[in-house]
1. So residue 299 ticks every box in (1) of a type in the set (A, V, I, L, M, F, W, C); (2) at pLDDT below 85; (3) surrounded by fewer than 14 Cβ atoms within 10 Å (Cβ to Cβ) but one. Which box is left unticked?
2. Considering only the range 163-176, I want to know if a residue exists there that is of a type in the set (Phe, Trp, Tyr), closer than 30 Å to residue 132 by Cα, open to solvent by less than 20 Å² (accessible area, probe 1.4 Å) and within 24 Å of the chain's Cα centre (by Cα).
3. Any residue in the range 257-275 that is of a type in the set (Phe, Trp, Tyr) and open to solvent by 10 Å² or more (accessible area, probe 1.4 Å)?
4. Considering only residues that are touching a residue at least 24 places away in the same chain (Cβ under 8 Å) and of a type outside the set (Phe, Trp, Tyr), look in the range 125-135 and name the one that is least open to solvent (accessible area, probe 1.4 Å).
5. Here are 194, 140, 151: which of them is part of a helix (DSSP H, G or I), open to solvent by 40 Å² or more (accessible area, probe 1.4 Å) and under 23 Å from residue 236 (Cβ atoms)?
6. Hey, could you check the range 71-96 for residues that are of a type in the set (Ser, Thr, Tyr) and surrounded by 11 or more Cβ atoms within 10 Å (Cβ to Cβ) and say which is farthest from the chain's Cα centre (by Cα)?
7. Could you identify the single residue in 179, 145 that is modelled with pLDDT of 95 or more and either open to solvent by less than 40 Å² (accessible area, probe 1.4 Å) or more than 15 Å from residue 121 (Cα to Cα) (or both)?
8. So the check is Cβ under 6 Å with 6+ separation or different chains; which pairs have a first residue in the range 143-163 that's of a type in the set (S, T, N, Q) and a second one that's open to solvent by less than 10 Å² (accessible area, probe 1.4 Å)?
Amino acid sequence: MGQGLWRVARHQQLQQQGYSGQGYLTREHGRRIPANSAANTSHRKQAQGGIDIYHLLKTRKSKEQEGFINLEMLPPELSFTILSYLNATDLCLASCVWQDLANDELLWQGLCKSTWGHCSIYNKNPPLGFSFRKLYMQLDEGSLTFNANPDEGVNYFMSKGILDDSPKEIAKFIFCTRTLNWKKLRIYLDERRDVLDDLVTLHNFRNQFLPNALREFFRHIHAPEERGEYLETLITKFSHRFCACNPDLMRELGLSPDAVYVLCYSLILLSIDLTSPHVKNKMSKREFIRNTRRAAQNISEDFVGHLYDNIYLIGHVAA
């Protein structure tokens, strides 16, 4: 109610001062001057007590002419926060303008650890002349080398002191890195089973539903495209690790690593059956329960039914 009365009073005030909806009337000549005539009205203001639009536009225009903000004029904490959102390429470009800020070691350290979460050199005393910017370039070069030839890539990391010659250190590096080509990584792990063993132990499947745990496992260790000895090895290692992470659940459900192996293989086959466009007659829930319990008789029917529902709703476990 109060706002409505204010609008009426304001409208009357504008009419008394010569304003109208499409322009304003000059009292001297009694003729209408269009409101969009910027050349004639730039020096005028709105009614008394109103906002000075011309002053605001002039101020905004002057600020736009000043160009970008100089980060060196800001507090260092704010400047570093802004630069921390840049990738390595943009940060190198920024160093052409703000050399001291963009070359700061903390920024490059953050880039290194966000891309390569674990390196042996992180836990060592840095050598003389060490630079995280230089380390980033070496890590990027080593990753490209790995994606061309995994053995040469690992040897490059070791030659630069980035990685120790230890299966556990290599496994940690692989586990915390997302820049490695998964096809080359699969070939490397197939040849280095000692690294594969340590990589499997880095996974924690505690309190995870079996299909979800299997998906997480195959996101880090990609399954082969065809069935064979390597796929069987992966499922076996996963089954033992899953049981080790969930001993109480295994006792409650009466499952052993062999039973988990059967379930995992069944889930992979079910995933292929439900997602493949070449399979016309999809496996039903009843068929899946019957086939799975035939292979592992101690498994609860309800539990197997939940497994089917998960694959049906979420999708493939090894995509």
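1. (3)
2. So in the range 163-176, the residues of a type in the set (Phe, Trp, Tyr) come out as 173, 175.
So of that shortlist, the ones also closer than 30 Å to residue 132 by Cα come out as 173, 175.
Checking which are open to solvent by less than 20 Å² (accessible area, probe 1.4 Å) leaves us with 173.
Those left that are additionally within 24 Å of the chain's Cα centre (by Cα): 173.
Yes, some residue in the range 163-176 is of a type in the set (Phe, Trp, Tyr), closer than 30 Å to residue 132 by Cα, open to solvent by less than 20 Å² (accessible area, probe 1.4 Å) and within 24 Å of the chain's Cα centre (by Cα).
3. Going through the range 257-275, the residues of a type in the set (Phe, Trp, Tyr) turn out to be 261, 265.
Next, only the ones that are open to solvent by 10 Å² or more (accessible area, probe 1.4 Å) stay: 261, 265.
Yes.
4. Per the stated criteria, the residue is 135.
5. Values: 140 fails: under 23 Å from residue 236 (Cβ atoms); 151 fails: under 23 Å from residue 236 (Cβ atoms).
Result of the check over 194, 140, 151: 194.
6. 95
7. 145
8. Listed pairs, sorted by first residue: 145/153.
The values are calculated or read from the model by the stated rules, or taken from the named source; none is laboratory data. Just so we're clear, the structure is a prediction, and the values are computed from it rather than from any experiment. Cβ: placed from backbone, ideal geometry, glycine included. Neighbour counts: every protein chain shown. Just the protein is used for accessible areas: all its heavy atoms, side chains included, with ligands, DNA and RNA removed. Shrake-Rupley method; radii C 1.70, N 1.55, O 1.52, S 1.80 Å.
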